[in-house]
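A short worksheet on the structure shown next.
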Amino acid sequence: MNVVKNSHDTICYFKTLTSTNAKAIAKVKTCSGREWIWTEKQTAGRGRRGREWQSAPGNFYASVLQQWQLPKAQLPLFSFVAGLAVHAAITHYIGLNLRLQLKWPNDVILNERKVAGILLEHANQGQKSYLIAGFGVNLKQGPHLSEPIQREIMPGGIEELTGIEIRSHDFLEVLIQKYTAMEKAYNRDGFANVRKQWLASAYRLGENIKCSTATKQFTGKFETINQSGQAVIITKKGLHTISAGEIYFEKQDYAFSD
């Protein structure tokens, strides 16, 4: 492990880890500031809902660990802060001419391919609460899936989609800058401006979608996100809001139903 410190962050580099989020959680007991866990290779990367995150060589894997001093109800909002930071970091390299969008709740889409995902977790140590945000960014290539899986958005890599080469350690530096700026903006202005920025890059806003939560499935139009970060869906029976779940887009329109 190599450790680098600056005035705001500690960066811990590992050649190989099972999961940067798992390592960050293990470091909660000794965390005294904001720490970044960065590795070249993950052997058991995790995505949302316990899914495996395929860790192809040359891609980016890191997590940020920090004490959370705001109300716990605001924790999920940092998914949007983190998403905008990744969006800004990728834009730094590819510019504004390519279609880079944010899919609710925490994926980054480039030219209809998923190039990044964020896994938000929290942990407690005594009376203190901690935020862990994990970043997986396909700098080189999307994972080669061993089995044919029905996916609405297939994975892709920034270099294979654009021809632009981004080195992992360079991306880390830019991401830290963008994350710091977004965090400061959130702490200063609250969620309203974060929400405005996120909606400006929202993937397929206003389109018909299928929603799947732990308790129900329904279809409707993806209208917006509210001040709590929930997806707002217009159905035949009125407005629905979901705070956790999956939304799926199809080429054909869904009939409204509940």
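Derivation of every value follows stated rules applied to the coordinates shown; laboratory data play no part. Worth saying up front: this structure is predicted, and the values here are computed from it rather than measured. Here the Cβ positions follow ideal geometry from the backbone for every residue, glycine too, while neighbour counts run over all protein chains shown.
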Check your understanding: Among Gly117, Gly220, Gly238, which one moves the most in a GNM of the chain with springs linking Cα atoms closer than 10 Å?
Key -> Gly238
Check your understanding: Would you list Met154, Met182 from fewest to most Cβ contacts within 10 Å?
Key -> Met154, Met182
Practice item. Compute the long axis of helix 191-200 from its Cα atoms, compare it with the longest principal axis of the Cα atoms of the chain, and write down the angle in degrees, 0 to 90, nearest 10. Key: 70 degrees
Review point. Using the count of nearby Cβ atoms within 10 Å as a rough guide to exposure, how do His87, His92 rank from fewest to most?
Key: His92, His87
Check your understanding: In degrees, nearest 10, range 0 to 90: what is the angle between the Cα axis of helix 168-189 and the longest Cα principal axis of the chain?
Key -> 70 degrees
Exercise for review: Would you please state which residues of segment 1-45 a label at His92 would reach in this model, taking the label point 7 Å out along Cα→Cβ and a backbone N cut-off of under 16 Å?
Suggested key: 6-11, 36-38
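Going through segment 164-258, which trypsin sites (Lys or Arg not before Pro) have at most 12 other Cβ atoms within 10 Å and a DSSP loop state? Write out the running numbers ahead of the final one.
On the way: sites: Arg167, Lys178, Lys184, Arg188, Arg195, Lys196, Arg204, Lys210, Lys216, Lys221, Lys236, Lys237, Lys251; in loops: Arg167, Arg204, Lys216, Lys236, Lys237, Lys251.
Within segment 164-258, the qualifying trypsin sites (Lys or Arg not before Pro) (loop, at most 12 other Cβ atoms within 10 Å) are Arg167, Lys216, Lys236, Lys237, Lys251.
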Check your understanding: What are the principal axis extents of the Cα atoms in the chain, in Å, biggest first?
Key -> 55, 43, 33
**Study point:** Dipole-positive endmost among Gln127, Ala231, His87 within the chain (Cβ charges, Cα centre)
**Key:** Gln127
Practice item. Output the Kirkwood hydrodynamic radius of segment 74-132, Cα pairs only, in Å rounded to one decimal. Key: 12.6 Å
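What's the magnitude of the charge dipole for the chain around its Cα centre, counting Lys and Arg as +1 and Asp and Glu as -1 at the beta-carbon? Answer in Debye, nearest 20. Spell out each step's value before the answer.
Working: 32 positive and 22 negative charges, 122 e Å.
Using Cβ point charges on Lys, Arg, Asp and Glu, the chain gives about 580 debye.
Which pairs in the list Lys23/Lys128; Lys72/Lys128; Lys114/Lys237; Lys72/Lys184; Lys29/Lys128; Lys128/Lys178 are over 20 Å apart, alpha-carbon to alpha-carbon? Could you put the intermediate results ahead of the total?
Details: Lys23/Lys128 18 Å; Lys72/Lys128 11 Å; Lys114/Lys237 32 Å; Lys72/Lys184 18 Å; Lys29/Lys128 10 Å; Lys128/Lys178 26 Å.
In this structure, Lys114/Lys237; Lys128/Lys178 exceed 20 Å between Cα atoms.
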Practice item. Run through all the Cα pairs of segment 208-249 and give the fraction in each 5 Å bin from 0, expressed as whole percent. Key: 6, 27, 38, 24, 5
Exercise for review: In a Gaussian network model over the chain where Cα atoms closer than 10 Å are linked, find which of Pro105, Pro143, Pro71 has the largest mean-square fluctuation.
Suggested key: Pro71
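By DSSP, what percent of the beta bridges with both residues in the chain are antiparallel, rounded to the nearest 5?
Numbers: 56 of 66 bridges.
DSSP beta bridges in the chain are roughly 85 percent antiparallel.
How large is the helix-only mean residue ellipticity at 222 nm for the chain, computed as the sum of -39500 (n - 2.57) over DSSP H runs with n ≥ 4, divided by its residue count, in deg cm²/dmol to the nearest 500? It would help to have the intermediate numbers written out before the result.
Working: 5 runs with 61 residues, N = 258.
Calculated at 222 nm, the ellipticity per residue is -7500 deg cm²/dmol.
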